[in-house]
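Some notes on the structure that comes next.
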């Protein structure tokens, strides 16, 4: 038997009922959003993928919710009401990770360990040395410091002072994931990445504290990446001023001469990020 949720309008089905079927206007089958009821608990799905569990039994006997994160379940160690409309990383929320025991009659959260930190990849040497630095890990528990470190990673390569070894992260997700690992309170990369636009209360103070700890750890920032990003921005702005029709057309590629006389090859297509060619 199918009912409809009062708050969100999603269909609610039994634990063994077949998945609801939805079709697009073209007649193609599409993933349906719905909830399965297990006694007092509900699990929300998109197709066959579980997203969120509601009113589940917690280890202390109370009931709460959990979310599916990268194939595992986690729940916040604060009441839901305190999180409403607030970015999770800014509270900060100490997340508890675990598994769900699902039966026809109930859903129970079983606590487990936090995910293992990812200290490998091209930036592995930097990550391993910084992860072992207790001063840095204590500092980034302050979210302003964590967000400033994320912005450092975006704008800088890092150089180890003793041998000049340069390290670069593969992308923003890897940077954010590592900061979540440093903080050690059960966050994952989107908790950090989605807060990128949040203001920092005192950015100069946060930057100074971070730089002092990083220098003590034997690493410094190399702003070559920031320079490349700024150069790319200047080239694309110049291209747009010279060829305004490119912004509304299929795109542009060719040589652009900046005001300082330097020439740069640029390919730009509106649906893609600008790509500066060397």
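Annotations
- Of the candidates 183, 162, 137, the single residue that is closer than 30 Å to residue 98 by Cβ, outside the structural domain of residue 98 (by TED's automatic domain parsing), modelled with pLDDT of 90 or more and over 16 Å from the mean Cα position of the chain (by Cα) is 137.
- Restricting the range 75-105 to residues that are surrounded by 15 or more Cβ atoms within 10 Å (Cβ to Cβ) and modelled with pLDDT of 95 or more, the residue that is nearest to residue 177 (Cα to Cα): 97
- Selected residue [touching a residue at least 12 places away in the same chain (Cβ under 8 Å) and assigned to a helix (DSSP H, G or I)] from 169, 178: 178
- Any chance residue 9 is modelled with pLDDT under 90, farther than 30 Å from residue 145 by Cα, exposed (fewer than 11 other Cβ atoms within 10 Å of the Cβ) and not assigned by TED's automatic domain parsing to the domain that holds residue 140: yes
- Any hit, the range 43-65, residues being surrounded by 10 or more Cβ atoms within 10 Å (Cβ to Cβ), modelled with pLDDT under 95 and either in the same structural domain as residue 142 (by TED's automatic domain parsing) or at positive phi (or both): yes
- Count of residues meeting criterion [buried (at least 17 other Cβ atoms within 10 Å of the Cβ) and not in a helix (DSSP H, G or I)] in the range 186-217: 5
- Filter result for residue 70 (closer than 30 Å to residue 145 by Cα and either at pLDDT 95 or above or loosely packed, with under 13 Cβ neighbours inside 10 Å (or both)): yes
- Matching residues in the range 16-42 - criterion: being surrounded by 15 or more Cβ atoms within 10 Å (Cβ to Cβ) and in contact (Cβ under 8 Å) with a residue 24 or more places away in the chain: 34, 35, 36, 37, 38, 41, 42
The values are calculated or read from the model by the stated rules, or taken from the named source; none is laboratory data. Computed from a predicted model, the values in this text were never measured in an experiment. Glycine gets a Cβ as well: all are built from the backbone with ideal geometry, and neighbour counts include every protein chain shown.
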